[in-house]
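> Submitted below is the structure of interest, expressed as structure tokens.
The values are calculated or read from the model by the stated rules, or taken from the named source; none is laboratory data. This is a predicted model, so every value here is computed, not measured. Glycine gets a Cβ as well: all are built from the backbone with ideal geometry, and neighbour counts include every protein chain shown. The protein model used for the area step is the full one, side chains on, heavy atoms only, and it has no ligands, DNA or RNA in it. Shrake-Rupley method; radii C 1.70, N 1.55, O 1.52, S 1.80 Å.
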Amino acid sequence: QVQLVESGGGLVQAGGSLGLSCVASGNIVEINAMGWYRQAPGKQRELVAGITRGSSTNYLDSVKGRFTISRDNAKNTVYLQMNSLKPEDTAVYYCNADARASGSLYAGNYWGQGTQVTVSS
């Protein structure tokens with residue numbers, strides 16, 4: 001099995017910055033795509049940013065130019081640097097990964113427990 005643990009959420013004023021980290025652990029053979037999703041109250045979960053193993057990235061239009069996703073394959077870690085934060089960025093942010101665990105023929109999709117990001121106006 002693969003576990004994802006996020007850290008770095010919190011409360012910040014509009015215009016401020018926060019950095020999120022997510023570490024994958026377990027009997028991991030390989031991690032393919034990783035990403036960050038968010039879910040605000042009453043809204044559907046949405047993909048904020050994704051990154052492939054080769055570090056190709058994609059972003060939600062509303063965060064382009066403000067958020068940066070990166071990863072360290074040696075550390076099984078994905079990061080999300082969030083700058084120029086807005087109140088509408090307030091949500092629970094979830095880490096997601098496609099990973100193959102030892103003994104598994106196929107990759108599975110895994111989620112972290114989520115970390116709250118609150119941006120005050």
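> Take the residues in the range 96-113 that are open to solvent by 50 Å² or more (accessible area, probe 1.4 Å) and among the aliphatic types (A, V, I, L, M); name whichever of them is farthest from residue 17 (Cα to Cα).
105
> Please verify whether residue 40 is more than 25 Å from residue 101 (Cβ to Cβ), open to solvent by less than 40 Å² (accessible area, probe 1.4 Å) and either at pLDDT 95 or above or touching a Ser or Thr at 6+ places or on another chain (Cβ under 8 Å) (or both), treating the condition exactly as stated. If you could, list the steps in order and put the result at the bottom.
Numbers: more than 25 Å from residue 101 (Cβ to Cβ): yes; open to solvent by less than 40 Å² (accessible area, probe 1.4 Å): yes; either at pLDDT 95 or above or touching a Ser or Thr at 6+ places or on another chain (Cβ under 8 Å) (or both): yes.
Yes, satisfied.
Residues checked against (1) open to solvent by less than 40 Å² (accessible area, probe 1.4 Å); (2) touching a helix residue (DSSP H, G or I) at 6+ places or on another chain (Cβ under 9 Å); (3) free of Cβ contacts under 8 Å to residues at least 60 places away in the same chain; (4) hydrophobic (A, V, I, L, M, F, W, C):
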{"residue": "1", "(1), (2), (3), (4)": "no, no, no, no"}
{"residue": "5", "(1), (2), (3), (4)": "no, no, no, yes"}
{"residue": "84", "(1), (2), (3), (4)": "no, no, no, no"}
{"residue": "115", "(1), (2), (3), (4)": "yes, no, no, no"}
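> I'd like the full set of residues that are in a strand (DSSP E or B) and either of a type in the set (Gly, Ala, Ser) or buried (at least 17 other Cβ atoms within 10 Å of the Cβ) (or both), limited to the range 7-26. Steps first, please.
Let us first name the residues in the range 7-26 that are in a strand (DSSP E or B), namely 7, 10-13, 18-26.
Selection gives 7, 10, 12, 18, 19, 20, 21, 22, 24, 25, 26.
> If we keep just the residues of the range 44-82 that are without any contact (Cβ under 8 Å) to a residue 40 or more places away in the chain and basic (Lys, Arg), which is surrounded by the most Cβ atoms within 10 Å (Cβ to Cβ)? Outline the logic, then answer.
First, the residues of the range 44-82 that are without any contact (Cβ under 8 Å) to a residue 40 or more places away in the chain: 44, 46-47, 49-72, 74.
From what is left, the residues that are basic (Lys, Arg) are 53, 64, 66, 71.
On the way: 53: 13, 64: 10, 66: 15, 71: 22.
Out of the qualifying residues, it is 71.
> Kindly indicate which of 25, 70, 84 is modelled with pLDDT of 95 or more and out of contact with any strand residue (DSSP E or B) (no Cβ under 7 Å at 6 or more places or on another chain). Spell out the reasoning first.
On the way: 25 fails: out of contact with any strand residue (DSSP E or B) (no Cβ under 7 Å at 6 or more places or on another chain); 70 fails: out of contact with any strand residue (DSSP E or B) (no Cβ under 7 Å at 6 or more places or on another chain).
After ruling out the rest, the residue left standing is 84.
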